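In what follows, a structure is listed as structure tokens, so that the remarks can point back to it.
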Amino acid sequence: MVCLDEKPVVLHRDVRPAAAAEPAQPAKRDCEYERCGTANVFCGVEPRAGRHFIWPTPNRCGKQFARTLQRLATAYPNARTIHLVLDNLSTHSRRSLLRQFGELGGHLWSRFTIHFTPKHAGWLNQAEIEISIFARQCLGSRRIPSLRVLRAECAAWNRSVNHQRLQINWTFSRRDAANVFHQQLQLFKRSKR
């Protein structure tokens, strides 16, 4: 089971170089910056195994989603099916893969068993936790000026957390869902294979 979500990232460049910390003098960073556009980061996690996937892209269009699923499928070459939990965006569809890869896209889509999170319940996707951890630990409050630098930072963070095999301790159950959603239990039926 792999959970997938995306996060927009605003790219900023410092206008003036920051002053390094010295004895009895804290580091200083000017409040002025230059805007350098935006990027997108696809965050995937296999929570029980502690495998993390971070892929920065120029945007979150269907083409980038298709390439992300191709990378995920490559990461699990022997899997009969990959259970994929994601939110229900228009780009999260078989059509995105068909547009990008043609008939091979249909074959790629069939490698996945898709589980869309219910409306207003995106927090059920453990990739939301992954994004939060990634944003705090990797991005922090630093200014990242370009997609190239973002890719390098993400690759380093990804190597570190995969080396540690950090797992998400998910304790939410169907019973918890019943307490939260009461009459919307039909949202939590098991997916058909």
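The values are calculated or read from the model by the stated rules, or taken from the named source; none is laboratory data. Worth saying up front: this structure is predicted, and the values here are computed from it rather than measured. All Cβ positions, glycine included, derive from the backbone under ideal geometry; neighbour counts span all protein chains shown.
Summary table below
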quantity	calculated
Leading residue by the ranking (farthest from PHE42 (Cα to Cα)) among those in region 8-26 that are part of a loop (DSSP other than H, G, I, E, B) and hydrophobic (A, V, I, L, M, F, W, C)	ALA24
Residue count, region 124-174 (criterion: under 30 Å from VAL15 (Cα atoms) and of a type in the set (D, E, K, R))	6
Every residue from region 146-161 that is polar (S, T, N, Q) and either crowded, with 17+ Cβ neighbours inside 10 Å or modelled with pLDDT of 95 or more (or both)	ASN158
Check on SER93, more than 25 Å from ARG136 (Cα to Cα), surrounded by 13 or more Cβ atoms within 10 Å (Cβ to Cβ) and free of Cβ contacts under 8 Å to residues at least 60 places away in the same chain	yes
Qualifying residue in region 122-140 (condition: crowded, with 16+ Cβ neighbours inside 10 Å, farther than 30 Å from TYR33 by Cα and of a type in the set (A, V, I, L, M, F, W, C))	yes
Candidate set: region 37-72, residues that are part of a helix (DSSP H, G or I) and out of contact with any strand residue (DSSP E or B) (no Cβ under 8 Å at 6 or more places or on another chain); chosen: the one surrounded by the most Cβ atoms within 10 Å (Cβ to Cβ)	ALA66
Of all residues in region 7-42 being without any contact (Cβ under 8 Å) to a residue 60 or more places away in the chain and closer than 23 Å to THR91 by Cα, the one that is nearest to the chain's Cα centre (by Cα)	PHE42
Unique match (being touching a Leu at 6+ places or on another chain (Cβ under 9 Å), surrounded by 14 or more Cβ atoms within 10 Å (Cβ to Cβ), at pLDDT below 90 and charged (D, E, K, R)) among ARG111, ARG143	ARG143
Helices (runs of 4 or more DSSP H) fully within region 102-173 counting 3 or more residues that are touching a residue at least 40 places away in the same chain (Cβ under 8 Å) and not small (Gly, Ala, Ser)	127-134, 147-164
